[in-house]
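Trainee: Before we start, here is the structure in question, set down as C-alpha cells.
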Amino acid sequence: MRFVESMIKKSRLMSPWMIHFDCGSCNGCDIEVLACLTPLYDVERFGVVNTGNPKHADVLLVTGTVNHRNRHVLKQLYEQMPGPKAVVSIGACNLSGGVFKDSYNVLNGAHTVIPVDVFVPGCPPKPEAIIDGVITALGVLKAKMGMGPAPEPALMPGDADAAKPAAAFGES
Amino acid sequence: MLSILGALGGLILAPFAGGLLSGVDRRLTARLQSRAGPPLLQPFYDVLKLFGKEPKVTNAWLVFSAYVYLIASAFSLFIFFMGGDLLLLFFVLTIGAVFQVVGAICVPSPYSQVGAQRELLLMLAYEPILILVFVGFAMCTGSFMISDVFRLDSPLLLKMPLLFLALGYALTIKLRKSPFDISAGHHGHQELVRGVQTEYSGPYLALIEIGHWLDLVLILGLCALFWHTSGIGMCILVAASLFTEILIDNITARLTWQWMVQKQSLLAGMGFALVNLLWLYVA
Amino acid sequence: MLNFLVFCCIVLPFIAGLTLYRVPGDATRKILAPATVVVMAMAAIGLGANGPFHLEARNFLGLPLDAAFTFLDFILLVYILFLGWNLRSRLVMGMTVLQLAGLVYLKGVLTNQAAPVTGFAPDGLSLIMVIIISIVGGLITIYSLGYMDIHEEHLRLRASRQPRFFAIIFCFLGAMNGLVLCNNLAWMFFFWEVTTLCSFFLISHDRTETANANAFRALWMNVLGGLAFVSAMLFIQKSLGTLSTEIVLQKMAALDIKSTAMLMPFAFLCLAAFTKSAQVPFESWLCGAMVAPTPVSALLHSATMVKAGTYLLLRMAPAFAGTTMSTIVALFGAFTFVGTCMLAVSQSDAKKILAYSTIANLGLIIACVGINTAASMVAATMIIVYHSVSKGLLFMCVGSIEQRIGSRDIEDMRGLYSAMPRTATITAIGIFTMMLPPFGMLIGKWMAIEAIARATQAMTPILFFIALGSAFTVLFWARWAGILISSANLREYPVRGIHRPTVIFALRTLCGVALLFSFISPLVLKDFVGPSVSGVYARFNLRAEGFIPGANFTGAEGYSWIYLLFALLALGVWFAWRASRRVPEKAHSLPYFSGLAVKRDGKVGFNGPMNVFEPAHLSNCYPTQYFGEEKITRGIDVISTAFLIVLVGGLL
C-alpha cells in the first residue's frame, strides 16, 4: 500500500495536466502559454497535457486582469479542480493588475481571489519562464506532500513597492 | 481450470500492455509532429496520479457508470482470453459503452451531453460493422467461438481481407481516433472539452482510462486473430494495425457525424463487410 | 384437475369480467379483480408445472363445445357487423360479411362431417405464454386499479367507467389464454376475434375524437387479419381435412414437396399474424393505440394482442419450414425490425419509442420464425417471453411518470430522478433489461443472430438488417436511460408521490419479475422453450440441424458457464453500486459550465444579463432530417407492401 502511495506521489510530479484560463488578457500571455505546447518547447515532455477542463486539471495557469465580473468564474474553476492542485499566475496583469492596476473594475491580481502558488512575471513572460513556473508549481506540490524543500519563495506582487508598475517584474 | 487461470493472468497483464501501447501511441504521435513527446510510461503516471486525486462528481450515477464501464471492458477481455463467444463478447462490450454514455448523459452538463450524443452516433457507426465481422468469423469457422478460430489451418486474412479492413474502420471509430474523434477528442477541447468524458474526474477518470486500455488490447487481439497460424504474423498484424491507426489519427481531420455514419461507416465499412460476406457465402 | 386449471385460465376471467360489469362499485372491483388475478396466476403456474397435456374437451356443462364456439363465432361476427354499421364503415362491414360467408361455408359444408378435434393440446410454448399472460397481464390489471382512479380524476367523469374497462380487460386476458391453449383453429379464431373486439373497445375507451378514429383503424386492420384467418381455415380444411393444429403440422411435415396450394393457407395465416402484430405496413394501428389509457398500451404491447400474432406464426412455422415463403417471411421481419428501429430513433414521445420498439422486436421474432430452424424458434420464444415482461414494465412506468409530470416526452423526463427516484430507477432497469446482457431480451437477440448466421438462405441481407437495427436500438434506449437518472445532486431521496399502492406494488413486482426471469433464463430455456421446440422439430423431423440445447451457451456444460459469467457480472455491478454509494457528500461539484454554473431549484444554469438565472436547456439529437416519421414511413410502407405482395402473390 505504501508503495502504491509513494508511486502516486511520484506520478503527481510526472503528470501535471493543465487548464489555462484567460481572465481578460490582451492575449499576449495566452499566445506564450500555447507556444509551450508547440514542437519547439514541447511541454508534453514533462507530461503536461492541455485539458481545458478543471475537472481533469492539476495546474491552473491563469492570465489577464482579474476583474469583478470574472473573479466568480476564476473561483469556480479553481473550486472544480480536484485536489491536490496548484495555481500559476502568469503575466503582469494577472500578478497585480498590471497597467490596469487601480482601475475601477480591476482586482489587483489573481491572488486576491484564489491562493496562487507561483508567480510568473512578464509582459508577456517567455515560454521558458512559463514552463519554469509549471515546474516550480510541481516543486510546491512536492513540498506539500512532504517530499522535499519548498522552492525559493516567489516574489509576491505585494512585496514590491506598490507604486511601481507591475511590468517591472518582467523583462522589459 | 488452466484456461481460466491463463485468462485471469492475461487480464492482469492486459492493463500493463494497454498502458504501454498507449504510451507508444503518444510517443509516436509526438514524433510524427516532430516533438520529443512524453516518457513511454506516461499513461501509467497519468492514471496513478488520477487515482490519487480527490473525488469530485456531480452525481453518484457517474461513479457507478465508471465502474461498470471498467468491469464490462475487463469482462469482455476475459471472454476473449477464454476463447469465448464473439457475440457475447460484443454484447458485454456494449454494456461498457452504454454505461459510459449513460454516465455522461445523467450529468446536466452541455459538454458531456454533446459528447454522449456523439458517442452514441459512434456506436451506431461501429456496432453493425463489428457484428458483420463476427458473422464472417462464424462463416469461416462454423461457430462464433474464438477458440474455433485456432482450429483453422490457414490465416483468416486470406479469406476475409475486406472484413479486416472493415474491422479497421470499426476499430478506429471505437478507439475514437481521428477522423472519428468527435465524441471525446484530445484535440477538440476548445469545442467540447472532453466530450463524453468531461464530467468523469479523478479516480473515476482513471477507471475509464484503464477500461480504454483494455479495449485497446481487446481490439488489437481481434486483429491478431486474422493471422492466428503464426506468432510472428500476429505480431506483424498488431504492429501494423496500431501504426496505421496512429498514422491515420495524425494525418486526418475530424469528420462531421453525418459523414462518419453515412459515408464512412455505412458505405465503406458495411460495404466492405457485405462484399466479403457475400464472397464467403458464394465460395 | 386439468379441466379446472384450464377453466380458471380461460373461463374464469370472462366470468369475473361480466361480474365486474354487472356489479359496479369500488369495493367489488378492489376485491374481485386482485383475487381473480391471483387465481389465474396460480392456475397458470399449475398448468406450467404440470407440463404439456392433451384435453379432448368435447363438452362443457353438458354443452357440446364445438357447437358453442360456432354459435359464439357467429354472434361475435354479427356484433362486429353491427359495429361497422354504427361506424358507417363499408370496409368493416364488407370484410365481416365475407368472414361470415366463409364461416358459414366452413361450418355448413366443409366441417360438417369432419372428425372431432382435440380441444386443447398445449406444449411448452403455449404454457409459457399462459404463464406470461396471466402474470404480466395480471400485474397490469392490478396496476390499472390505481391508475384508472387517478385517470378518471383527471378526466372529471360524472360516472365511473371503470366497471366496463375492467370487464374488457379480463375478457381480453381470458381470450389470450384461450388463444394460446386451443388446438382447434376454429376455436382459436373465436378468441382471435375477441381480442380484436376488446382492443377496439379499450382503444376507444376515453371516447375522444382521436381515440375513436384510432380505434376504428385498429378495428379495420384487425378485421382484415380476421378475414385472412378465415380464408386460411377454409383452405386448410379443404386441403388437409382438419382444423387441428397438431394434425395440420404433422401432415405438412410428411409432405416432401410443398405445393402452392398447400402453402397458400399459411401465407394467409402470416398475413393475419402481421396485422395482429402490427408489422409494417399495418404499424399505424398500434402507434395510434397510444391514445388509450396507459395500462391498455401496456397490455396490447406486452403479453396480449400483438403477441397473439407472433404466437400463431410460431405455432404454424414448422408447416412451411424450408420453403421460399419462409425466407420471405424472414426478410419481411428483418426489414420491419430495421425500419421501425430507425423510426424510433427520431421520436421523443416515450410511448412512441416503446411502440416502435415493440414493432421492431416483433419483426425480429418474425425474422426468427422465417428462418425456421429449431434454434431460431428458441430465439423467437425467448424474445416473446422477455419482451412481454420488460415492455409491460416500461409502459407501466411511463404511465406513472405521465400522471406525475403531465408529459410523456422523454425530454421532459430530464431530472425525473429528483422528482421520483424509485420510478426513474425502475424505468432505467426496464430499459437495461431490454438492451443489455445478461437480461433475457439480449440472450434472445444473441441466439437470434447465431441462428440466422447458421441459416443458409438469404442470411446476408437479414443479418445486415438486424445488425443495423440493433445499433439503432442501442441509440434510442441508452439516451433515454441516461435522461431518466440525470440529476445535479449527488444523491436523491424518495418523496411521497401521488401514486396508489397498487401501482407501486405492480411496478416493483414486475421489475422483480423482469430481473428474476432474466437470471433464470437458462432454466426457462431448458424446461419450457427447448423441449417444446425440439419436440416439434424432432416429432415432425424437420430441419433441426442447428439445434443443440445451449449451443449458444458454449456447449453441453453451457448452463453452468453462463451462470458463472452472469454471477461475476452481477458481482461487479453490485461492487460498482456500493462504490457509488460510498462517495462522500463533500465530493459533490456542479457540472462544468465554463466556470459559470449556478444551481437553483435543482436545475443547473448560469446567471445571465441583469443577474437573471438562466436554466440550461439540453436536448438529445433526434435526426428527424434522416429518420423522421414523415420522411421514411411512406418508403417503409411501400417496401413492406411489396414484401407482402411477393409473399402471397409469389405463391400464385
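Trainee: For chain A, build the convex hull from the C-alpha positions and give me its volume per residue in Å³.
Mentor: Value for chain A: 106 Å³ per residue.
Trainee: Please give the average number of partner chain Cβ atoms lying within 10 Å of the Cβ of each residue in B:40-50, rounded to a whole number.
Mentor: Across B:40-50, the average partner-chain Cβ count within 10 Å equals 6.
Trainee: Let me ask something additional. Sort out for me the Cα centre separation of the range C:390-438 from the range B:131-159, rounded to whole Å.
Mentor: Each part's Cα centre sits 41 Å from the other's.
Trainee: Can you list the trypsin sites (Lys or Arg not before Pro) in the range A:1-90 that are in a DSSP coil and have 14 or fewer other beta carbons within 10 angstrom?
Mentor: Qualifying residues, ordered by number: A:ARG69.
Trainee: Still on this structure, please answer the following. When the label point is put 7 Å from the Cα of A:ARG69 along its Cα-to-beta-carbon vector, which residues of the range A:104-125 have a backbone N closer than 19 Å?
Mentor: A:104-110, A:113
Trainee: Right, something else. Among B:89-102, C:494-507, what's the highest-first ranking by average C-beta atoms within 10 angstrom per residue?
Mentor: The peptides rank, most packed first, as B:89-102, C:494-507.
Trainee: If you don't mind, another one. Note down the nm distance, to one decimal, between modelled labels 7 Å out along Cα→Cβ at C:ARG496 and at B:VAL24.
Mentor: Going from the C:ARG496 label point to the B:VAL24 one covers 6.4 nm.
Trainee: State the Cα centre-to-centre distance between the range C:139-159 and the range B:219-279 in whole Å.
Mentor: The distance from the Cα centre of the range C:139-159 to that of the range B:219-279 comes to 56 Å.
Trainee: Then there is this: Determine which lysines satisfy two conditions relative to C:LYS445: a Cα distance under 16 Å, and not lying fewer than 8 residues away in the same chain.
Mentor: C:LYS391
Trainee: Between C:ARG422 and C:PHE4, what length comes free when the chain is fully extended (0.36 nm per residue of separation minus the Cα-Cα distance, one decimal in nm)?
Mentor: Here the answer is 146.5 nm.
Trainee: While we're on this one: Say R0 is 22 Å: what FRET efficiency, to the nearest 0.05, do B:TRP279 and B:ASP153 get from their beta-carbon distance?
Mentor: Efficiency computed from Cβ-Cβ geometry: 0.70.
Trainee: Quote to one decimal, in nm, the extra length available between C:THR260 and C:GLU209 on full extension: 0.36 nm per residue of separation minus the C-alpha distance between them.
Mentor: Gain on extension, C:THR260 to C:GLU209, equals 13.9 nm.
Trainee: Now, a different point. Kindly provide the trypsin sites (Lys or Arg not before Pro) of the range C:250-291 that DSSP labels as loop, not H, G, I, E or B, and whose Cβ sees at most 11 other Cβ atoms within 10 Å.
Mentor: none
Trainee: If I take every Cα pair under 8 Å that is 6 or more residues apart in chain C, average their sequence separation and divide by the length, what percent do I get for the relative contact order?
Mentor: For chain C, the relative contact order is 15 percent.
Trainee: With a cap of 16 neighbouring Cβ atoms within 10 Å, and only residues DSSP puts in a loop, list the chymotrypsin sites (Phe, Trp or Tyr not before Pro) found in the range C:432-503.
Mentor: Here no chymotrypsin sites (Phe, Trp or Tyr not before Pro) fit, given the DSSP loop and packing criteria.
Trainee: Still on this structure: With the crude spin-label approximation of a point 7 Å out along Cα→Cβ, what separation in nm comes out for B:ALA240 versus C:HIS54?
Mentor: Output for this residue pair reads 6.4 nm.
Trainee: Quick one: if you stick a label point 7 Å off each Cα along the C-beta vector at A:PHE3 and C:VAL638, how many nm between them?
Mentor: In this crude spin-label approximation the distance works out to 6.9 nm.
Trainee: Something else about it: Enter the angle in degrees (range 0 to 90, nearest 10) between the Cα long axis of helix B:161-174 and the first principal axis of the Cα atoms of chain B, meaning the one along which they spread out most.
Mentor: Once rounded, one gets 10 degrees.
Trainee: Run through all the Cα pairs of the protein assembly as shown and give the fraction in each 20 Å bin from 0, expressed as whole percent.
Mentor: In order of increasing distance, the bins hold 12, 39, 31, 14, 4, 0 percent.
Trainee: Defining a contact as two alpha carbons under 8 Å apart and six or more residues distant in sequence, what relative contact order in percent does the range B:76-163 show?
Mentor: RCO, the range B:76-163: 32 percent.
Trainee: A further question on this structure: Residues of B:91-98, mean number of Cβ from any other protein chain within 10 Å of their own Cβ, rounded to a whole number?
Mentor: 6
Trainee: Inside 10 Å of the C-beta atoms of B:68-74, what's the mean count of C-beta atoms belonging to other chains?
Mentor: 4
Trainee: Could you give the distance between the Cα centres of the range C:294-362 and the range C:439-482, to the whole Å?
Mentor: Taking the Cα centre of the range C:439-482 as reference, the centre of the range C:294-362 is 13 Å away.
Trainee: Hey, another quick one. By how many degrees, 0 to 90 and rounded to 10, does the Cα axis of helix B:60-81 deviate from the longest principal axis of chain B?
Mentor: Compared with the principal axis, the helix lies near 20 degrees.
Trainee: Something else about it: State, as an integer percentage, the relative contact order of chain B based on alpha-carbon contacts under 8 Å between residues 6 or more apart.
Mentor: Across chain B, relative contact order equals 26 percent.
Trainee: Can I ask one more? For the Cα atoms of chain B, what angle does the longest principal axis make with the long axis of helix B:42-51, in degrees from 0 to 90, nearest 10?
Mentor: The two axes meet at around 50 degrees.
A short reminder: the numbers here are calculations on the coordinates, not readings from a lab. Just so you know, these numbers come straight off a predicted model, no measurement behind them. Cβ: placed from backbone, ideal geometry, glycine included. Neighbour counts: every protein chain shown.
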